[in-house]
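Only the coordinates and a few stated rules stand behind these numbers; no lab work does. As the structure is a computational prediction, the values presented were derived from the model and not from experiment. Cβ placement follows ideal geometry from the backbone for every residue including glycine, while neighbour counts extend to all protein chains displayed.
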Amino acid sequence: MCERLGDIMIRKTGCSILFICFLAIIVFSQGKRGNKPPLIEPPKTGGGKIKPPKTGGGKIKPPKTEGTKIKPPKIIVIKDPPKPPSVIVRPPQPPPLPPSAKILWTDNCDPRTDSERCSITPREAVTAGFYDVVKSVNAKITYKIPDSQEELATYKVVIVSFCSDDNNEENLVNLIKDYIQAGGSAFILGGNTCQSGGHPTSWWASRITKDFGVTFGSEDNYKVAWADAVSGHPTTLKLDKMYFSQYAYLNVSDPAESILNVNEQPIAAVYNGKGSFAALADDVEFGWSPNSWEKLGPTDNFTFWRNSLRWLISQSKIKKSKKTSATDSDNDTSAGLTVYVKQKDVEIFINDERYDVRSLKSPFKFDSLFIGTYTIRVEKAGFKTETRTITLKHKQKLPVKFELVPIVIR
């Protein structure tokens, strides 16, 4: 019993000790407020102090987080690559037409309105081909016998025919000659299919052209023939074959030149001086037999007409503009030039216009020129070319002398 009491006492004493220890731990953990915690020394590592690593000698500043604006990242927009331009394929365009030109045909009958009565109509298909030519050069054609020089001056080209019944032939001859002298362009027809005023049309045509180096023959040639184109002139460009079944021959001399031959004799010629003209020894068939369409098919006859009209229109514009640009109001055919050349067989160029005077003797006279400035060039094979520029005044007759120097070959 004493042993049991002893055990009980031991247990009570142990519990008291444990309780006291628990209280002590609580008091110790709370401690007094404001007391500093005990200093905990770092473990020694060989007796030295641990120094923070150097970072270039500067203080490490903490990044600012307050009041710092954070810039949003730039947004790069990637655009689509540009598309290549679309290629539009257009069909080839025809060359532009020249400015519209007025053409006069000296006849009192318009075959477009009175084809039965007009002597100009060989065949319907041929006539239609001619109007296609007129359209291709952007021209408008009028049929009328002119009354005055002022009326003629409004046309770029005059097609001269003496086949009309109402022609005043003598008056028409004088009007056309003055028109050419004033810088106009004409296409002169002179075959022998028509009689007018007691003469064939070739006789009247020669009255206009003989002073310029062309006369028409009075014979009729009804043999089928091919014409050969003479190269080197705008009227014969791209000509291959031309067919005639009725024609006359021409006599051609300087300053005119032959451009078409039949049997080695001229049938067409051109003049390019004060004015310009093309002369064709055929009347109303456009250089085309009435039956040739059925026999041979198309030839180059209309090509010749197209070339001739284009050339005549361009020459008319050039020469009329020179006249109107002169400074003197009395500049009409009122000055002249005489060229003296010691050598024979020379060629003379006045403002690049060629005058073949090889068959003539010096001096060479160029009358009825407009006042203004001219460049004269004299050429001869084996000699140095000589050029001079002169100015003609109103009513002046100016002499100019040339003496060419031979070319010495060393």
Computed over all unlike Cα pairs, the Kirkwood hydrodynamic radius of the stretch 144-292 in Å stands at 15.4 Å
Expressed in nanometres to one decimal, the distance between label points 7 Å along Cα→Cβ at K144 and R410 is 6.8 nm
Protection proxy (average C-beta count within 10 Å per residue), highest first, orders 391-403, 250-262 as 250-262, 391-403
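Using 1/(1 + (r/R0)^6) with R0 = 25 angstrom and r between the beta carbons of D114 and Q195, what's the FRET efficiency to the nearest 0.05?
Numbers: r = 21 Å, r/R0 = 0.84.
Here the calculated transfer efficiency is 0.75.
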Ordering 197-206, 341-350, 272-281 by per-residue average of other C-beta atoms within 10 angstrom, highest first, gives 272-281, 197-206, 341-350
Averaging 1/r across every pair of distinct alpha carbons in the stretch 107-228 and inverting yields a Kirkwood hydrodynamic radius, in angstrom, of 15.6 Å
